[in-house]
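Quick notes on the structure that follows.
The values are calculated or read from the model by the stated rules, or taken from the named source; none is laboratory data. Fair warning: this is a prediction, and the values are worked out from it, not measured in the lab. Here Cβ is always computed from backbone atoms with ideal geometry, including for glycine, and neighbour counts include all displayed protein chains. Note: accessible area is taken over every heavy atom of the protein model, side chains too, but ligands, DNA and RNA are not part of it. Shrake-Rupley method; radii C 1.70, N 1.55, O 1.52, S 1.80 Å.
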Amino acid sequence: MSHFALHDGLLHAEGVPLDAVAARHGTPCYVYSRAALMAAYDDYRSALAAHGVADRSLVCYAVKANSSLAILNLFARLGAGFDIVSGGELARVLAAGGDPGKVLFSGVGKSRGEMEQALAAGIRCFNVESASELERLNEVARAHGARAPISLRVNPDVDPKTHPYISTGLKTAKFGVPIEEAPHLYRRAAELPGLKVVGIDCHIGSQLLDPAPAAEAAAKVVALADRLAADGIAIEHLDLGGGKGIRYRDENALGATDYLAPMLKVLSGRREQLLFEPGRSLVGNAGLLLTRVEFLKYGTGKNFAVVDAAMNDLMRPALYDAWHDIAKVSHGDTPPPTHSYDIVGPICESGDFLGQARDLALAEGDLLAVMSAGAYGMAMSSNYNTRPRAAEVMVDGDAIHLIRRRESVAELFAGESPLP
Ligand SMILES: *Cc1c(COP(=O)(O)O)cnc(C)c1O
């Protein structure tokens, strides 16, 4: 069931017509469906139950996909853990009521301050990404009189067949340690008094549609766990990362049950806890970006619809050449003529587009919905061109909750001062 659908010629989020959101909170505005978020989380939990591993698995939402407090709070209430990549994200998780005992800390550049903050919070595991990080974490933990729980992020060198910017598990990636070096590094970690080895971690990329590479990576992780056990190093959990793809256009994106099947086959009969770190697949299709057409421009080669959202609000088209469906909110009885438009923002960059060559029947003032914008949308937004960031609302049935008010221009330079 889609949580965004046409009723009486008007695009709705659950029971709310999107023109009502625009009238109340203005545009540009991110709109999320609470039911869609819950359904996406439930898809994972049901899949894990269907495969008989529900009681030994934990879904740790990758906060970087969308770090809005209301979304974190919703997942926390559903029992999720969290995968974080900064001290700032840890602060958000705690502010949203997340359980620090279910937090995994990933990322290649953890500072001492971030390590201290995470140790004080009592997180579940540090996903360590280099030999130097092991040594630093050991020092910080000892200074705290603590033992830091760790897993090593191993790089299994499998090709996830996705966009190069979001592929992370190849030998050439900056992430993780080569899996061949892992036994040696685990032996070192086991010697260090400030560390406690608890797991193995891998994450091979994002927007993965084929389940085979993830299963291949899992097989390498399992082989490593067995090798470590033979060396006397016991592994409590296997963290299989995130990366499951979603449908933006016509991709054949599998549900969690089908996507996880090959991987869980590899993992069947094992005792370890299983951790997953989905980001995009929990939030991507649960959000859209609502924007209004300011001007239509008809050129010799191209037509443009200039809208009030821009690359600072949704960077994916400019950054990855990503494709998002762009739909009209209102479908009246006598639509204007259809033309091919590039949907562009007001920012002074030629790369500032949300979509290109879209056949749409547009009039100035129309509302448009940029679909599947729940992941890596608001979270990657910026204030480029001194543009306040968009408002965010969560729809729940017939209710519209403002979960983040629109920024004001004054807030944007509140921390700045002119020269004396
Ligand atoms: C980004 C990231 C994820 C989430 O990836 P998705 O493709 O959004 O599911 C999970 N784990 C790590 C370590 C990441 O960097």
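Just a few scattered comments:
- Rolling a 1.4 Å probe over the protein heavy atoms gives region 335-420 an accessible area of 49 Å² per residue.
- Prolate/oblate/rounded label for region 275-420 (Cα gyration tensor, a/c 1.5): oblate
- Antiparallel content of DSSP bridges confined to the chain, in %, to 5: 50 percent
- Region 34-279 - share of DSSP beta bridges that are antiparallel (%, nearest 5): 5 percent
- Farthest positive-ward along region 307-420 dipole, Cα basis, beta-carbon charges - from Gly355, Val409, Trp323: Val409
- DSSP-defined beta bridges in region 194-305 - what % are antiparallel, rounded to 5: 30 percent
- Cα gyration tensor shape of the chain, rounded if a/c is under 1.5, else prolate or oblate by comparing a/b with b/c: prolate
- Taking a ≥ b ≥ c as the square roots of the eigenvalues of the Cα gyration tensor, region 34-279 is oblate, since a/c reaches 1.5 or more and a/b is not larger than b/c.
- Per-pair calculated FRET efficiency, R0 = 22 Å: Ser2 and Ser330 via Cβ, rounded to 0.05: 0.75
- Where only DSSP H runs of four or more residues are counted, the chain gives -8500 deg cm²/dmol as its mean residue ellipticity at 222 nm, each run worth -39500 (n - 2.57).
- Most mobile of Ala373, Ala229, Ala219 in a GNM of the chain (Cα contacts under 10 Å): Ala229
- For region 219-308, the relative contact order works out to 28 percent when only alpha carbon pairs closer than 8 Å and six or more residues apart are counted.
- Most to least packed among 31-42, 243-254 [average Cβ atoms within 10 Å]: 31-42, 243-254
- Full extension of the chain segment joining Arg271 with Glu364 gains 27.5 nm, where the gain is 0.36 nm per residue of separation less the Cα-Cα distance.
- Mean separation of Cα contacts under 8 Å (6+ apart) over length of the chain, as relative contact order %: 19 percent
- Across region 127-279, C-alpha contacts under 8 Å between residues 6 or more apart give a mean separation that, scaled by the residue count, equals a relative contact order of 23 percent.
- Here's the list of lysines a cross-link from Lys244 could span, going by alpha-carbon distance under 27 Å and ignoring same-chain residues fewer than 8 apart: Lys64, Lys102, Lys110, Lys161, Lys171, Lys174, Lys220, Lys265.
- Percent carbon-and-sulfur accessible area, the chain, ignoring ligands, DNA and RNA, probe 1.4 Å: 51 percent
- Most fluctuating residue given options Tyr30, Tyr298, Tyr376, as computed from a GNM of the chain linking Cα atoms under 10 Å: Tyr298
- Net charge over other residues, Cβ less than 12 angstrom from the Cβ of Ala369 (K, R count +1; D, E count -1): -1
- FRET efficiency for the Ala229 to Ala399 pair, using the beta carbon distance and R₀ = 45 Å, is estimated at 0.30.
- Residue by residue, region 135-145 carries 3J(HN,Hα) couplings of 5, 5, 5, 4, 4, 5, 5, 5, 4, 8, x Hz when phi is fed to the Karplus relation 6.51 cos²θ - 1.76 cosθ + 1.60 (θ = phi - 60°); x denotes Gly or Pro.
- Amide proton proximity set for Asn155, modelled H, under 5 Å, gap of 5+: Val177, Ile179
- Cα centre as origin, Lys/Arg/Asp/Glu Cβ charges: region 326-420 dipole, Debye: 180 debye
- Other residues within the sphere of radius under 13 Å centred on the Cβ of Ile246, judged by their own Cβ, net out at +1 (K and R +1, D and E -1).
- Sorted on the mean count of surrounding Cβ atoms within 10 Å across their residues, most packed first, peptides 340-353, 280-293 read 280-293, 340-353.
- Relative to one another, the C-alpha centroids of region 94-110 and region 263-321 are positioned 23 Å apart.
- Note that region 34-279 presents 39 Å² accessible area per residue, ligands and nucleic acids not counted, probe 1.4 Å.
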